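Colleague: First, the structure itself, so that you have it in front of you.
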Amino acid sequence: MFRDINIYEKKCLICNNKEIYKFKICRDCYDNLSFKEGYHYDFKYLDELYIVLNYNKFLKSEIWDYKYREKTYLYEFFGEILISEIFKYRLNKKYDFITFIPLSTLTLKERGYNQSRLMAEYICDNTLMEFRDILYKNRNNKRQANLSRKERYENVKDIFVANSSLKDKSILVVDDVITTGYTLDFAAKALKEKGAKKVAAIVAAKN
């Protein structure tokens, strides 16, 4: 018997030549993922943190491509990873809406897109959660990747501002990677200064 062939069959978002297994990628690419182990952060403002993956060599390459080499279609891959965590912990029932970590105006102009916003919008389109654009940066800061731990803290200290009242709201913040956690904690601070009751973050990977 002949196998039915669908000329519109979707391929792996990463290698583009094998059938999808999970997260819109094939089994071979999926097997390169390293799912998170234990982790600990001491946050002053952020109430909860959800991480799906460890930042191994394979994932580092894909995140680099996504953020800096204009492979914007990878938002579906990262979005699917985060959606799995959202449904696992029923976060769609616990939080009023989703927002994202903004870029500085200079970085956004240079890159042309915000990778965390693309992920957040995709999640909302596929979970029926509400999307809101409520955070912005009050200055252009440096990239965190090339800074020491102390420099990272100073680089994002009080950089975020929320643009609307958030009284008694529970908010889920989306980002791609967490290292020290300072970015997410200061984002949570800005949201709570506008009245947010609870702030959690969900990220694709821990560096």
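Only the coordinates and a few stated rules stand behind these numbers; no lab work does. Given the structure is predicted, the values throughout are model-derived calculations rather than measurements. A quick note on method: Cβ atoms are made from the backbone with ideal geometry, for glycine too, and the neighbour counts reach across all protein chains shown.
Colleague: What is the antiparallel percent of DSSP beta bridges lying wholly in the range 34-206, to the nearest 5?
Modeller: 15 percent
Colleague: OK, next. What list of ³J(HN,Hα) values in whole Hz, one per residue of the range 117-127 in order, does the Karplus curve 6.51 cos²θ - 1.76 cosθ + 1.60 (θ = phi - 60°) give from phi, with Gly and Pro shown as x?
Modeller: Values per residue, Gly and Pro as x: 5, 4, 5, 4, 5, 5, 4, 5, 5, 10, 10 Hz.
Colleague: Next question. Report the Rg/Rh value for the chain, based on alpha-carbon coordinates and the Kirkwood definition of Rh.
Modeller: Rounded to two decimals, Rg/Rh equals 0.99.
Colleague: Taking amide H atoms as placed 1.01 Å from N in the peptide plane, list the residues 5 or more away in sequence, or in a different chain, whose amide H sits under 5 Å from that of Lys36.
Modeller: Leu53, Asn54
Colleague: Follow-up. Subtract the Cα-Cα distance of Tyr39 and Arg111 from 0.36 nm times their separation in residues, and report this length gain in nm to one decimal.
Modeller: Working it through step by step, the gained length comes to 22.8 nm.
Colleague: Same structure again: Which pairs, out of Lys44/Lys109; Lys11/Lys206; Lys24/Lys142; Lys22/Lys157, put more than 29 Å between their alpha-carbon atoms?
Modeller: Violating the 29 Å limit, Cα to Cα: Lys44/Lys109; Lys24/Lys142; Lys22/Lys157.
Colleague: Using the Karplus curve 6.51 cos²θ - 1.76 cosθ + 1.60 with θ = phi - 60°, what ³J(HN,Hα) values do you get for each residue of the range 157-171, in whole Hz, with x for Gly and Pro?
Modeller: 4, 6, 8, 9, 9, 9, 9, 7, 5, 10, 3, 6, 8, 9, 10
Colleague: A further question on this structure: If I take R0 = 45 Å and measure r between the Cβ atoms of Lys57 and Glu130 in this structure, what FRET efficiency does the formula 1/(1 + (r/R0)^6) give, to the nearest 0.05?
Modeller: With R0 = 45 Å, the Cβ-Cβ based efficiency is 0.80.
Colleague: How high is the relative contact order of the chain, in percent, counting Cα pairs under 8 Å that sit 6 or more residues apart?
Modeller: 25 percent
Colleague: Next question, about the same structure. Which ³J(HN,Hα) values in Hz, rounded to whole numbers, follow from the phi angles of the range 27-38 under the Karplus curve 6.51 cos²θ - 1.76 cosθ + 1.60, where θ = phi - 60° and Gly and Pro get x?
Modeller: These are the phi-based 3J(HN,Hα) values: 5, 4, 5, 4, 5, 7, 7, 10, 6, 4, 10, x Hz.
Colleague: Moving on to the next point. Quick one: which residues, 5+ away or cross-chain, put their amide H under 5 Å from the amide H of Phe100? H built at 1.01 Å from N.
Modeller: Ile134, Leu135, Val174
Colleague: Hey, what angle do you get for helix 57-68 against the long axis of the chain, alpha-carbon based, 0 to 90 degrees rounded to 10?
Modeller: Around 70 degrees separate the two axes.
Colleague: May I pose another question? Can you tell me the FRET efficiency between Ser164 and Asp28 if r is taken as the Cβ-Cβ distance and R0 is 35 Å, rounded to the nearest 0.05?
Modeller: Efficiency, rounded to the nearest 0.05: 0.20.
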